[in-house]
Amino acid sequence: MYLFKRNVTILATMKNKAIDNKGNLIIIFGLPGSGKSAQSILLEEKMGYKYISWGRITRNIINGKFGSKEDKRIILDNMKDGSLYPDKYVKKNVARVLAKEIKMGNHDFVIDGFPKRTSEAKDCVEIIKELNLNLKCVINIACTEKTIFERIKSRKYCEDCGRFFNNTIKPKNDGICDFDSGKLVRRIDDEPEMVKLRIEEYMNDITPAIQLLTNMSETCFSINGDQDELLIFADIVTKLKSHYKDIFSLFKNVGHTLLPTRYGYFDMYVYQNIINYESHIVLTCGDIMNKRGVPIRIHSSCITGDILHSEKCDCGSQLNKAMSFIQKNGHGMILYLFQEGRGVNIINKVKAYDLQQKGFDTISANEFLGMPAEMRSYAVVKDVLRDFSIKSIRLITNNPDKIYKILDLGINVDNTIELESDHFVFNKEYLKTKVEKMMHFKNLIEEKRQYHLNSPKKYIEVERKYLLKKSEVVLIENRCLEISLPQISYQYEKNQNFDKDGIFEKDDARLRLRTKITNPNSQEKNFEFTYKKRLTIKNGIKKESEIYYNFDSSQSPENLFLIFKIMGLKERDSYERTRKTFSNDEIKLTIDEFPFGYVAEIEGKEEKVKKYENLLSMENFPQYGASCDDLYIELCRKEGKKPKKSILFNDKSMPSLEEYIKTCKK
């Protein structure tokens, strides 16, 4: 028995020595701009790993330092239109570089930019076996699109040696490489439209590639890429030293049914932890399988707010608005997590409520009871999204801490959708504490225009319209990505203007019914009933007084038209359009496609309108101060056509806005 144990020990020692003699390989995954290159350089400089970058290999091929003319043609074609590389092409070049470095005495490597798909991951496994490497770690960096475009905007490369510099790894002399004095330039594929294509390419097949390699790696983990890059590196070093391995799925789907609600139908799933049997609810709407940018609300249970309609918090209203938004959007998910009182349970929450009545805020009350202010876990989110093969999300939240924790799970967050909170006498201090101490977005307490408020509202509107060519629409959408102005909706609209004996037209006013359809598969529609009176048009800026009323219904508006008829109101004219809306706390940008062409509009306070006009580089686009139906009439006059009362997409005789733009003075 002693000899057997001794032999086992000797064999284990020999095996460990054999592994120790292998070279080590770290692979970093992440979207373009997520910070892979910066982390690879830091691992090279601080921990001795030789940095191998597919991006650096391609730049060396383009600059004639590596490969042939045929290689250069293949690389340039890929950058230009996303053409696929020949089979095993990337593997061949990466293996050549690694083999060369091993001959030079380097044994530990960090790679980024390869692999990007499952077939390349299989090629990577072959390289590891052929070169006798040990896959030490697989790292996945997750981040928001805002961070991606900010980092890409700041980074530059040396024309000669291909070295990388940014706001963290700065050159000693601005614009000059530290190593060979070469000129620093932007990559040709770092333009916004190319970045969007690269993101799509990366997202298409990356999940199974990561899973294949994590299964054979010693360690693997995800990192929040929205942090400062030095903090990201600190996280990587800490997890490397702890031999962290995140490959386990603890939550399983154990039940499903169809759930009708006041907002529409949801598929309802129950997920349960296989260890402690805790359970959570998942609601889904529409087709979300294998999709990008899925709107998701991660909502922690609140008995007092969600069920008992307490006015001490805003939880119930946020859940309701999220459900309504997802139904109007046509697809999305709500994860309802049973972690009452930010994880402290209902008993301690009631005790904290009692302390709040005595002057404590929501944080100090928890701390007085001997508990942290925040104890929530979001581990179930990763398992649920993996089951639905969701590639990235749009997170419905006002809470930055939740964003960071979701990124820590390796989930890419395209952007956030902020929720408006209901304000009550009893939750004023609660909302203030969330903003001041928990860093929630300020829209919780700021007074601002409520676009979806279901009650009459009157305000003064400032808007500026721009006439666009189809090609210019793409440019503006790219600029929205660069400045982190998120798209919040896309919808079809039909607008009908009503009048009685011309009284509104004479008063330069409109009485309009707007029907909005965000999900063509749903019966639910949003109706906006508006009275608008034009005040001034000056320097392309239109000011209007507006009273509007919003309501949702699955009914046809025919009965409303009958009421209009009894009142003597008749339809004056109508038009169709599709509308993309981009919005933040400061402005709203809409890009409308009419049957005759494209019109953009920036709406908000006058100084904000001018600010975003500059940020979006729209100063030189031709402007039009009047309404879109006025524009249509002018287009018809220019082309000698008689204006029609209905402007419809299926009408092939529409005038051309693009031709009109050619005659405009910018």
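The values are calculated or read from the model by the stated rules, or taken from the named source; none is laboratory data. Just so we're clear, the structure is a prediction, and the values are computed from it rather than from any experiment. In this analysis, Cβ positions are derived from the backbone assuming ideal geometry, glycine residues included, and neighbour counts consider all displayed protein chains. In case anyone asks, the SASA skips ligands and DNA or RNA and just uses the protein heavy atoms, side chains included. Shrake-Rupley method; radii C 1.70, N 1.55, O 1.52, S 1.80 Å.
Would you mind calculating the gained length between residue 578 and residue 130 on full extension (0.36 nm times residue separation, minus the Cα-Cα distance), in nm to one decimal? Walk me through the numbers before you get to the answer.
Values: separation 448, 0.36 × 448 = 161.28 nm, distance 5.48 nm.
Between residue 578 and residue 130, full extension yields an extra 155.8 nm.
Under a point-charge model restricted to the Cβ atoms of Lys and Arg (+1) and Asp and Glu (-1), what is the dipole moment magnitude of the stretch 222-266 relative to its Cα centre, in debye to the nearest 20?
Values: 5 positive and 5 negative charges, 78 e Å.
Dipole about the Cα centre, nearest 20: 380 debye.
Choose one of 370, 224, 417: the residue whose Cα lies farthest towards the positive end of the charge dipole of the chain (beta-carbon charges +1 Lys, Arg; -1 Asp, Glu; about the Cα centre).
My answer, from the dipole projection, is 224.
Taking amide H positions as placed 1.01 Å from N in the peptide plane, with prolines and chain starts having none, which residues 5 or more places from residue 572, or on another chain, fall under 5 Å of its amide H?
497, 498, 499
Cross-link list 92/172; 525/611; 382/470; 103/136: which exceed 30 angstrom alpha carbon to alpha carbon? Write out the running numbers ahead of the final one.
Working: 92/172 35 Å; 525/611 34 Å; 382/470 39 Å; 103/136 20 Å.
Pairs exceeding 30 Å: 92/172; 525/611; 382/470.
With +1 on the Cβ of every Lys and Arg and -1 on the Cβ of every Asp and Glu, and nothing else charged, how large is the dipole of the chain about its Cα centre, in debye rounded to the nearest 20?
Details: 110 positive and 95 negative charges, 199 e Å.
It comes to approximately 960 debye.
Tabulate in residue order the Karplus-calculated ³J(HN,Hα) for the stretch 317-333, using 6.51 cos²θ - 1.76 cosθ + 1.60 with θ = phi - 60°, rounded to whole Hz; enter x for Gly and Pro.
Along the stretch 317-333, the couplings run 5, 5, 4, 4, 5, 5, 4, 5, 4, 5, 5, 5, 6, x, 7, x, 8 Hz.
Where the centre of each part is set by its Cα atoms, how far does the stretch 38-58 sit from the stretch 128-203, in angstrom?
Using only Cα atoms to place each centre, the spacing works out to 10 Å.
Distance cut-off 27 Å, Cα to Cα: go down the list 156/610; 116/291; 516/652; 391/610; 88/239 and report the pairs above it. Each step should come with its number before you reach the end.
On the way: 156/610 30 Å; 116/291 18 Å; 516/652 23 Å; 391/610 36 Å; 88/239 32 Å.
With Cα atoms farther than 27 Å apart: 156/610; 391/610; 88/239.
Helix 36-47 versus the longest principal axis of the chain: what is the Cα-based angle in degrees, 0 to 90, to the nearest 10?
So the inclination is approximately 30 degrees.
Helix 118-130: angle to the longest alpha-carbon principal axis of the chain, degrees 0 to 90, nearest 10?
On a 0 to 90 degree scale, this one is about 10.
Quick check for you: which residues of the stretch 197-230 have the amide N under 20 Å from the point 7 Å beyond the Cα of residue 389 toward its beta carbon?
It comes to 199-215, nothing else.
In straight Cα distance, which aspartates and glutamates are under 18 Å from residue 170, not counting same-chain residues fewer than 8 positions off?
Residue 170 reaches 44, 45, 150, 159, 160, 178, 180, 228, 229.
Which residues among the stretch 123-144 fall inside the zone where the amide N is under 20 Å from a point 7 Å beyond the Cα of residue 96, along Cα→Cβ?
123-132
Say the dipole of the chain comes from +1 at the beta carbon of Lys and Arg and -1 at that of Asp and Glu; which of 27, 168, 555 then lies farthest toward its positive end?
27
What are the ³J(HN,Hα) couplings of the stretch 140-145, residue after residue, when phi is run through the Karplus curve with 6.51, -1.76, 1.60 and θ = phi - 60°? Round to Hz, x for glycine and proline.
My calculation for the stretch 140-145 gives 10, 9, 10, 7, 8, 4 Hz in order.
Can you give me the % of accessible surface on the stretch 200-265 that is carbon or sulfur? Probe 1.4 Å, all protein chains present, nothing else counted. Don't jump to the answer; show the numbers that get you there.
On the way: 2060 of 3650 Å².
Carbon and sulfur: 56 percent of the exposed surface of the stretch 200-265.
On a 25 Å Cα-Cα criterion, which of the cross-link pairs 22/72; 570/642; 196/469 come out too long? Intermediate values should be presented prior to the final figure.
Numbers: 22/72 33 Å; 570/642 21 Å; 196/469 21 Å.
The answer is 22/72.
Among 624-635, 590-601, how do they line up from the highest to the lowest mean number of other beta-carbon atoms within 10 Å? Don't jump to the answer; show the numbers that get you there.
Working: 624-635: 17.8, 590-601: 20.2.
The packing order, highest mean first, is 590-601, 624-635.
Run the numbers on the stretch 612-666 and let me know its relative contact order in percent, using alpha-carbon pairs under 8 Å that are six or more apart. Walk me through the numbers before you get to the answer.
Working: 23 pairs, mean separation 21.8, N = 55.
Averaging sequence separation for qualifying contacts and normalising by length gives 40 percent for the stretch 612-666.
Can you tell which of 584, 663, 627 lies farthest toward the positive end of the dipole of the stretch 582-666, using +1 and -1 charges on the Cβ of basic and acidic side chains (Lys, Arg; Asp, Glu)?
So the residue furthest toward the plus end is 663.
Can you give the relative contact order of the chain as a percent, counting alpha carbon pairs under 8 Å and 6+ residues apart? Before the final figure, lay out each step's value.
Numbers: 1168 pairs, mean separation 67.9, N = 666.
Across the chain, relative contact order equals 10 percent.
How high is the FRET efficiency from residue 508 to residue 311, r the C-beta distance, R0 45 Å, rounded to 0.05? Display every interim value, and only then the final one.
Details: r = 42 Å, r/R0 = 0.94.
Taking R0 as 45 Å, the efficiency between residue 508 and residue 311 is 0.60.
Can you work out the accessible area per residue across the chain, with the rest of the protein chains kept in place, probe 1.4 Å, in square angstrom? Write out the running numbers ahead of the final one.
Values: 32600 Å² over 666 residues.
With all protein chains present, the chain gives 49 Å² per residue.
Let's test this: bin the Cα-Cα distances of the chain at 10 Å from zero up to the farthest pair and state each bin's percent.
Reading the bins upward from 0: 3, 13, 21, 22, 19, 14, 6, 2, 1, 0, 0.
Can you give the angle from 0 to 90° between the axis of helix 69-81 and the longest principal axis of the chain, with both taken from C-alpha atoms, to the nearest 10?
The answer is roughly 30 degrees.
Project the alpha carbons of the stretch 239-348 onto their principal axes and report the range along each, largest first, in whole Å.
48, 39, 26
How big is the convex hull of the Cα atoms of the stretch 480-574, per residue, in Å³? Let's see the in-between values first.
Values: hull volume 12.6 nm³, N = 95.
With only Cα atoms used, the stretch 480-574 gives 133 Å³ per residue.
Using a Cα-Cα cut-off of under 14 Å, which aspartates and glutamates could be cross-linked to residue 252, ignoring same-chain neighbours fewer than 8 residues away?
Residue 252 reaches 278, 383, 387.
Please report the projected area of the stretch 577-647's Cα convex hull averaged over all directions, in nm². Can you show the working numbers first?
Values: hull surface 21.5 nm².
Across all orientations, the stretch 577-647 yields a mean hull projection of 5.4 nm².
Given H placed on each backbone N at 1.01 Å, which residues far from residue 525 in sequence or on other chains put an amide H within less than 5 Å of it?
553, 554
Based on DSSP, what percent of beta bridges with both residues in the stretch 139-275 are antiparallel, to the nearest 5?
Values: 16 of 21 bridges.
Approximately 75 percent, going by the DSSP bridge assignments.
Rounded to the nearest percent, how much of the accessible area of the stretch 64-141 (1.4 Å probe, protein heavy atoms only) is carbon and sulfur? Each step should come with its number before you reach the end.
On the way: 2060 of 3940 Å².
For the stretch 64-141, the apolar C and S fraction of the accessible surface comes to 52 percent.
At R0 = 60 Å, how high is the FRET efficiency between residue 470 and residue 357 if r is their beta carbon distance? Nearest 0.05 is fine. Display every interim value, and only then the final one.
Working: r = 59 Å, r/R0 = 0.99.
After rounding, the FRET efficiency stands at 0.50.
Under 5 Å between amide hydrogens, which residues at least 5 positions from residue 246 or on another chain qualify, with H placed 1.01 Å from N in the peptide plane?
Answer set, sorted by chain and number: 220, 221.
Antiparallel DSSP bridges in the chain: what percent, to the nearest 5?
Details: 96 of 134 bridges.
Once the DSSP bridges in the chain are tallied, antiparallel ones form about 70 percent.
Give the carbon-plus-sulfur fraction of the accessible surface of the stretch 359-404 in %, rounded to a whole number; probe 1.4 Å, heavy atoms of protein chains only.
Ligands and nucleic acids excluded, carbon and sulfur reach 55 percent.
Under 13 Å Cα-Cα from residue 321, which aspartates and glutamates qualify once same-chain neighbours fewer than 8 residues away are excluded?
306, 418, 420, 422, 552
Taking the Cα centre of the stretch 357-419 as origin and charging only Cβ (+1 Lys, Arg; -1 Asp, Glu), how large is the dipole, in debye to the nearest 20? Working shown, then result.
Details: 8 positive and 9 negative charges, 33 e Å.
The dipole magnitude comes to about 160 debye.
If you keep only loop residues by DSSP, which GluC sites (Glu not before Pro) in the stretch 321-413 have at most 16 other Cβ atoms within 10 Å of their Cβ? Display every interim value, and only then the final one.
Working: sites: 340, 367, 374; in loops: 374.
Hits after loop and neighbour filter: 374.
In whole percent, what relative contact order does the stretch 561-666 give with Cα contacts below 8 Å and a gap of six or more residues? Don't jump to the answer; show the numbers that get you there.
Details: 110 pairs, mean separation 28.2, N = 106.
Computed over the stretch 561-666, the figure is 27 percent.
Please list, in order along the stretch 160-168, the HN-Hα scalar couplings obtained from phi with the Karplus expression 6.51 cos²θ - 1.76 cosθ + 1.60 (θ = phi - 60°), rounded to whole Hz, x for Gly and Pro.
Residue by residue, the stretch 160-168 yields 8, 9, x, 5, 10, 9, 7, 6, 8 Hz.
How large is the helix-only mean residue ellipticity at 222 nm for the chain, computed as the sum of -39500 (n - 2.57) over DSSP H runs with n ≥ 4, divided by its residue count, in deg cm²/dmol to the nearest 500? Could you put the intermediate results ahead of the total?
Working: 22 runs with 247 residues, N = 666.
That comes out to -11500 deg cm²/dmol.
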